[in-house]
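J.: The structure is given below, and queries will be raised subsequently.
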Protein chains: 4
Amino acid sequence: MDIKSRNREYKEYVLEKIGSNHFSKHIDFTITEIKEGSIVAETCFETYMQQQDGFVHGGISSAFADMACGFAAYSLVEKGQRVMTVEMKISYFSRGMGDRIIARGKVVKPGKRFHFCEAEIFTVKEGKETLIAKASSTMAVIDLKE
Amino acid sequence: MDIKSRNREYKEYVLEKIGSNHFSKHIDFTITEIKEGSIVAETCFETYMQQQDGFVHGGISSAFADMACGFAAYSLVEKGQRVMTVEMKISYFSRGMGDRIIARGKVVKPGKRFHFCEAEIFTVKEGKETLIAKASSTMAVIDLKE
Amino acid sequence: MDIKSRNREYKEYVLEKIGSNHFSKHIDFTITEIKEGSIVAETCFETYMQQQDGFVHGGISSAFADMACGFAAYSLVEKGQRVMTVEMKISYFSRGMGDRIIARGKVVKPGKRFHFCEAEIFTVKEGKETLIAKASSTMAVIDLKE
Amino acid sequence: MDIKSRNREYKEYVLEKIGSNHFSKHIDFTITEIKEGSIVAETCFETYMQQQDGFVHGGISSAFADMACGFAAYSLVEKGQRVMTVEMKISYFSRGMGDRIIARGKVVKPGKRFHFCEAEIFTVKEGKETLIAKASSTMAVIDLKE
């Protein structure tokens, strides 16, 4: 599906939003690609992101998925509009280990009131990607005046 | 529903698990109550847990919900068994601000192979709690030998 | 939580909506109670509602849950407004058998743009209720002019 | 992903299961394609499948999605094993109208204990398909002796 943004400066808008997001910065969520309706981001897999057995904590995967969906949605809205997560479901396919975590988020069905989004979370070990989780979410589009 | 644990030392088991969980420690997820099939936990709402508008980041709420469900499930399993999140859905009811975040997790339907769990996330401001998110999840029970 | 409807004639409005709903009539979804923000409905467990092992088909439970949530939301909106399911998640707690199926739906967090709802599905056998499924959903509130 | 079935006679097994499923027959859920890990099915859009405004009832879409996921999972399990829906989430992308409803279900991550599945639901009007809903589900694999 070919999705068009309502904001010509969508790349700048996504980067502006992520730049002021405390938790994204805290976990060093670094965007490596922005298209109309999709983003890719990554981070180093740090020790604090582990659960008790050394694998990626489910909370980290879900936080990444939420950000990947949210910033994918931000790439489509008008300047001044905000995006808010209404709900998200995440399924955990595999336990993950590696050097890096990659999140790929995209809008699968854009709309005026909400964007339906999906995100896939991968770990990377010696260059090989493993899909560890997949999420689907509803992102509401909010006008600034609301 | 009156739920019984398969582990007489369930409180110790939950605390042992959380003690070795890196991400739980990182966000200072502190358990304040453990019963058979439920837990309560809290943390201070730190600046790094905010999204761009100063509210609790959705990823923090979902990470908290995952932990609250997971440790509630840990309170029921046998010593040696592990708990793994199969999937979780979270709905965001309100934007949250305040001094503390509280998570209440419980097993709503225990089982041999999975525990169905729910978690509610609250912010606390001047002593007043606001329910900001609610989650439902499937937690698989895994034998150590698996 | 004490929820107030925006429609004084909410009972009539729910019954009017269900009366014109083909699928609700087809499966004989009969409302036995309407309050502000909640409904109860039931039907006979007919043979065509079974899956291959004689239990309630998951699709029947999810259809019932969708209706229970939807009509609970209809009890709160203004006359002329419509309710639309954005998404629903259902967890299957037990296989169900019996004479009747009961659905209890309620709005757990009302809002201007959406109502967050939950539904529980029970089978009844010799007067004893068994909770077989639980669902959570997002119901959008739509103005007729939209 | 190239998925292999544990049952050489997987097509016969899926057809045997669907043949004894009362609700699938009731809504005339007709399988038109079976592969290892995926199925396609369709039905005529009958009047009883409508909600109050003439569109496909959400309960019909969710029932179809449950079947499409379930029979996709049945194509992978061993003879004698059963498949049970643990949970499903469905998002409603568009209101649907037309002559036929098509469901495409697939296993997106197979496993020993569960298969993670997805389904897409389409309406067809004058030969043109519209994606109206998308679902993700967890299907448990159960040994007959359990």
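J.: Rg/Rh for chain A to two decimals, with Rh computed the Kirkwood way over all alpha-carbon pairs. Intermediate results must be reported in sequence, preceding the final value.
T.: Details: Rg = 14.8 Å, Rh = 15.2 Å.
So for chain A, dividing Rg by the Kirkwood Rh gives 0.97.
J.: Turning to a different aspect of this structure: Label-to-label distances across copies for D:G19, with labels 7 Å out along Cα→Cβ, in nm, shortest first?
T.: Counterpart label points of D:G19 in the remaining copies fall at 4.6, 5.9, 6.6 nm.
J.: Here is a further query. How tilted is helix C:10-19 with respect to the longest principal axis of chain C? Cα atoms for both, answer in degrees (0 to 90, nearest 10).
T.: So the helix axis and the longest Cα principal axis differ by about 50 degrees.
J.: Volume per residue, Å³, of the convex hull around the alpha-carbon atoms of the stretch C:73-131? Before the final figure, lay out the partial values.
T.: Numbers: hull volume 6.2 nm³, N = 59.
Residue-normalised Cα hull volume stands at 104 Å³.
J.: Let me ask something else. Taking the Cα centre of the protein assembly as shown as origin and charging only Cβ (+1 Lys, Arg; -1 Asp, Glu), how large is the dipole, in debye to the nearest 20?
T.: Working: 84 positive and 80 negative charges, 0 e Å.
In total the dipole reaches around 0 debye.
J.: Also, quick follow-up: Which percent of Cα pairs goes in each bin when the distances of the protein assembly as shown are cut into 10 angstrom slices starting at zero?
T.: That works out to 4, 18, 29, 29, 17, 4, 0, in percent per bin.
J.: So, one more: Using alpha carbons only, how many angstrom separate the centre of the stretch A:98-145 from the centre of the stretch C:65-142?
T.: 28
J.: About the Cα centre, and with charges only on the beta carbon of Lys, Arg (+1) and Asp, Glu (-1), how big is the dipole of chain B? Nearest 20 debye, please.
T.: Details: 21 positive and 20 negative charges, 99 e Å.
Charge dipole, chain B, about its Cα centre: 480 debye, nearest 20.
J.: Which one, A:M84, A:G54, A:S94, projects farthest toward the positive side of the charge dipole computed for the stretch A:50-113 from Cβ point charges (K/R +1, D/E -1)?
T.: A:M84
J.: Also, quick follow-up: Say a label goes 7 Å from Cα toward Cβ at A:D53 in every copy; what distances in nm does this one have to the rest, shortest first?
T.: Relative to the other copies, A:D53 has label-point distances of 2.6, 3.9, 4.7 nm.
J.: If you don't mind, another one. Skipping prolines and chain starts, which residues have an amide H placed within reach, meaning under 5 Å, of the one on C:F114, given they are 5 or more residues away or on another chain?
T.: Amide H to amide H, under 5 Å and 5 or more residues apart or across chains, C:F114 pairs with C:V141.
J.: Which Cys residues of chain A have no other Cys Cβ less than 4.7 Å away and so no disulfide-compatible partner by this rule?
T.: A:C44
J.: Have a look at A:H57, A:H115, A:H22 and tell me which one the Gaussian network model of chain A (Cα, springs below 10 Å) gives the largest fluctuation.
T.: A:H22
J.: Residue by residue through C:113-123, how many Cβ atoms from other chains fall within 10 Å of the Cβ on average? Intermediate results must be reported in sequence, preceding the final value.
T.: Working: counts 6, 8, 0, 6, 1, 4, 0, 0, 0, 0, 0.
Per residue, the average neighbour count from other chains is 2.
J.: Whole-Hz ³J(HN,Hα) for each residue in the stretch D:23-30, computed from phi via Karplus 6.51 cos²θ - 1.76 cosθ + 1.60 with θ = phi - 60°, x for glycine and proline: what do you get?
T.: Once θ is set to phi - 60°, the couplings for the stretch D:23-30 become 5, 4, 5, 4, 9, 6, 6, 10 Hz.
J.: I'd like the orientation of helix C:58-74 relative to chain C: the angle between its Cα long axis and the longest Cα principal axis, in ° from 0 to 90, rounded to 10.
T.: 20
Where a number appears in this text, it was derived from the coordinates with a stated rule and is not lab data. Not measured: the values here are computed from a predicted model. Cβ coordinates were reconstructed from backbone atoms using ideal geometry, including for glycine residues, and neighbour counts include every protein chain displayed.
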